[in-house]
1. Return His131, His125 ranked ascending by Cβ neighbour count within 10 Å, so the fewest neighbours appear first.
2. By per-residue mean of other Cβ atoms within 10 Å, what is the highest-first order of 68-75, 161-168?
3. Do any of Lys216/Lys238; Lys11/Lys76; Lys43/Lys178; Lys184/Lys258; Lys148/Lys168; Lys64/Lys134 go past 32 Å between their Cα atoms, and which?
4. If packing is taken as the average count of other Cβ atoms within 10 Å, what order do 138-147, 12-21, 254-263 fall into, highest mean first?
5. Tally Lys/Arg at +1 and Asp/Glu at -1 over every other residue whose Cβ is under 13 Å from the Cβ of Lys76; what's the total?
Amino acid sequence: MDNSSLFNEPKNITNHFNPQSDIVLFNGDTNNLIDTIPDNFVKLIITSPPYNLGKSYETQVSIKQYLKEQEQTISKLYRILRSDGSICWQVGNFVDKGEIYPLDIFYYQIFKELGFHLRNRIIWHFGHGLHTSKRFSGRYETILWFTKSDSYTFNLDPVRVPSKYPGKRHYKGPNKGKPSGNPKGKNPSDVWELLAKEWEDCFWDIPNVKSNHPEKTIHPCQFPVELVERCVLALTNKDDWVFDPYAGVGSSLIAAIKHNRRAIGSEQEFEYVNIIRERLGSFFNGTLRLRPLGKPVYKPTGKEKVSQVPPEWKEATQQKLLEEKEDYE
Ligand SMILES: C[S@@+](CC[C@H](N)C(=O)[O-])C[C@H]1O[C@@H](n2cnc3c(N)ncnc32)[C@H](O)[C@@H]1O
């Protein structure tokens, strides 16, 4: 989508809720901001809440206490969400002494009891990440997409992806011989691999891949803007309000503004709020580096150093192949 019209355009940014502004950027506890937002106001709430993992910005508490606090915030969010609005809650696992607690399982109960309706449990699949030694390495997180009612915005066309086999045709019935797909592309499905794979391993030749992603800042768990863009385009319309209660370095705000929506973000850390301001500034003057929405995932050619078997492993690899061949015979 062309966003050049936004560059250099003065946007009205306020540090407290104001329905006349284009962007609300609040530095403080999200609960304090939510209390100032009217009922039925926001079209999309999209966030990755703190996971209670003891990251630099959180104090770890018991999972019971963590969920109790989150439930209080989510019930406030219910109040400010429009009746045709959506909430996208992106979470991974809480880990305690090697035991994992998939947070979406716990969150589902909270949302369901408040009256939300689950539309998708989206799997955000990572190609790479930490390797664990006592369980299989975790390679996905989830996004729970709930609506407040049965009447909600869902724009499929702006988020369609190219079909794998656009030349497929109906082989029987009244449309026999006609193309069976949609010329605008196919539904992106509930497994979002494309975004995360590239996020993790965008440049295979560079060892520290994360810090080389065009969007990466100092935040330890930042959203790719593209992930939010897909939700913004599908679940809101122009001028709608998008709110990220745990805004981090503002990826949701950028995604919203890029597509001519209005944005609200709250973030408790002053340092991150400053980065949001810088990123918004760079966005408006056209210098923010963003991975373009829908850009194909980089596929290693096999020639990159990091996709080749290290010479010192060659003997072990050949030995393993021989053993497998013998087992098979
Ligand atoms: C998982 S991160 C979100 C990252 C974000 N999605 C991004 O792309 O940068 C959660 C953020 O919530 C903030 N946070 C935690 N508790 C908060 C609260 N009560 N009010 C406002 N912000 C809070 C943390 O400082 C952290 O930056």
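1. Arranged by neighbour count, lowest to highest, His131, His125 become His131, His125.
2. Most protected by this proxy first, the peptides run 68-75, 161-168.
3. Lys43/Lys178; Lys148/Lys168
4. Ranked from most to least packed, the peptides come out as 254-263, 138-147, 12-21.
5. -4
FYI, it's all coordinate maths here, none of it is from the lab. All figures in this text were calculated on a predicted structure; none of them were measured in a lab. So basically every Cβ, Gly included, is an ideal-geometry build from the backbone, and we count neighbours across all protein chains shown.
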